[in-house]
Amino acid sequence: MAAEYEAELPENFQQYIDFTTNLFFLVVGFVLRRMGFIKEEHLSGMQVLVFTLCLPFLMAGVLWTAAIEQEVMKVLLASAITNTVGVSIGLMAAQRLPPKMRGQYLMACTGSAMAYVYPVVLKAERLSAVGVPIVVMWELGGNIVVAVVFHGLVAQAYSPKRWEGHPLQGATPEATPTSAQALDKFPEIPPQTIGTATSSTSPDELVFSELTNRTSDINPSVAGLRARAGSGSEENGTSAAPRTIGSQVVSALRRSVGVIIRTPLIWGIIVGLTLNISGTPFTALPGRAVNALTGSFAPLLYVLLGASLRFNLGLAMYGTVAKTLALRWTLGAILVLFTRFVLPLFIPLSNIMLGVISLCIFAPITTTCVMFSGQHGYKMDLVAMTKNISDVVSLILLTVLSLLI
């Protein structure tokens, strides 16, 4: 029925039908939220439904039936190299910013949310057969390391809590130390300044639970404060030794590995690849359930996006958001040029691969940016607005780019 109605539409409009549909779901989510049918407490459950249920099943089902060629494995190396270049450029650019601003910019400008690329690739006729394996290899090759490991490290290193009240927080770029010097020389935090942040439920965890369902088992920022305050007290005169940079890096890496292991998306990818490699037939019984959840992913994703939109910041805040996103898209343009003209000199990539990689680069800000920002005391209204605008613009940008591939 739907195919018959689509055939009756003007030819120029047919190529935009998917974008129009996604935009419709976004508007529906926005309107339902403003009318009060979708409330704040509903968002965490919607996030679980989209990212913990539908997306892993989408990955498992698509990878189960996809024809994965050996040539696609080259995207793993391409992703590792490109993401390394992106992180390196981001770190060099961030040195010109005050320390308290570096974490926010680095998390917002590096890494991409692949969840927004899958619906675009699946709907594009030229990309549906080979596009998803390319996106998966891009994710596993380097994007997930940036999103989980690198973002976790910079969020902790440049946490506003570390720099609040410190004389260097408003220093000029020339007077700003490197991240290693900053962590090594940061003054000890006296126990009386900890306040209620060391209680069983910290303010960070309360803010974070409102914005994302992926609550960590331990709050790293609070753990860092506890470690600095020491296990001893004034009564016994003991104090814990300050944590070295090496121990902080090892601790962050351990947490990152734990996050990766507990991510349902990773298990969906593993299951799909295992079923594909083993030659397990795609039978009707699990197939219909998988297809139902796969078809629900895109509508639920854009309804969630519309319901999460916020437009209540001041003018100065919008200026910060605009600068952050301008830096992100500038870096994205540089990386696209790198993949188009430099990377093929070392790794031969087809035009389809390069096109899908461009979609991956211009995907919106990662959800881990919100997750780690909540854990380490960043301004969550600013982070949420930056994420929301990035999502909406990427919806348009990815649709346009998919038509050009």
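Quick check: is even one residue across the stretch 19-27 at pLDDT below 90, in contact with a helix residue (DSSP H, G or I) (Cβ under 9 Å, 6 or more places away or on another chain) and exposed (fewer than 10 other Cβ atoms within 10 Å of the Cβ)?
So far as the stretch 19-27 goes, no, none of its residues is at pLDDT below 90, in contact with a helix residue (DSSP H, G or I) (Cβ under 9 Å, 6 or more places away or on another chain) and exposed (fewer than 10 other Cβ atoms within 10 Å of the Cβ).
Of the residues that make up the stretch 340-352, is at least one surrounded by 15 or more Cβ atoms within 10 Å (Cβ to Cβ) and at pLDDT below 90?
No, the stretch 340-352 contains no residue that is surrounded by 15 or more Cβ atoms within 10 Å (Cβ to Cβ) and at pLDDT below 90.
Report, by residue number, each residue of the stretch 264-292 that is touching a residue at least 12 places away in the same chain (Cβ under 8 Å) and assigned to a loop (DSSP other than H, G, I, E, B).
Thr280, Phe282
Among the listed residues Ser402, Ser373, identify the single one that is buried (at least 22 other Cβ atoms within 10 Å of the Cβ), under 13 Å from the mean Cα position of the chain (by Cα) and touching a residue at least 12 places away in the same chain (Cβ under 8 Å).
Checking each option against the conditions leaves just Ser373.
When the stretch 66-85 is examined, which residues are found to be in a helix (DSSP H, G or I) and either at pLDDT below 85 or charged (D, E, K, R) (or both)?
Of everything in the stretch 66-85, those that are in a helix (DSSP H, G or I) and either at pLDDT below 85 or charged (D, E, K, R) (or both) turn out to be Gln70, Glu71, Lys74.
With respect to Ala326, determine if the residue is within 24 Å of Val148 (Cα to Cα) and open to solvent by 10 Å² or more (accessible area, probe 1.4 Å).
Considered against the rule, which asks whether it is within 24 Å of Val148 (Cα to Cα) and open to solvent by 10 Å² or more (accessible area, probe 1.4 Å), Ala326 comes out as yes.
Would you mind finding the one in Arg310, Arg255 that is under 28 Å from Thr20 (Cβ atoms), open to solvent by 40 Å² or more (accessible area, probe 1.4 Å) and not hydrophobic (A, V, I, L, M, F, W, C)?
Matching residue, one of Arg310, Arg255: Arg310.
On the given criteria, is Thr366 closer than 30 Å to Glu71 by Cα and of a type in the set (Val, Ile, Thr)?
Considered against the rule, which asks whether it is closer than 30 Å to Glu71 by Cα and of a type in the set (Val, Ile, Thr), Thr366 comes out as yes.
Scan the stretch 388-398 for residues that are open to solvent by 20 Å² or more (accessible area, probe 1.4 Å) and either polar (S, T, N, Q) or within 19 Å of Gly29 (Cβ to Cβ) (or both) and jot them down.
Once the filter is applied, which keeps residues that are open to solvent by 20 Å² or more (accessible area, probe 1.4 Å) and either polar (S, T, N, Q) or within 19 Å of Gly29 (Cβ to Cβ) (or both), the stretch 388-398 yields Ile389, Val392, Val393, Ile396.
Restricting to the stretch 32-82, what's the tally of residues that are under 18 Å from Val135 (Cα atoms), of a type in the set (A, V, I, L, M, F, W, C) and open to solvent by 40 Å² or more (accessible area, probe 1.4 Å)?
8
The values are calculated or read from the model by the stated rules, or taken from the named source; none is laboratory data. Remember, predicted model here, so these are calculated numbers, not experimental data. Don't worry about glycine lacking a Cβ; one is built from the backbone with ideal geometry, like all the others, and counts go over all protein chains shown. Ligands, DNA and RNA are stripped out before the accessible areas are found, and what is left, the full protein with its side chains, is counted by its heavy atoms. Shrake-Rupley method; radii C 1.70, N 1.55, O 1.52, S 1.80 Å.
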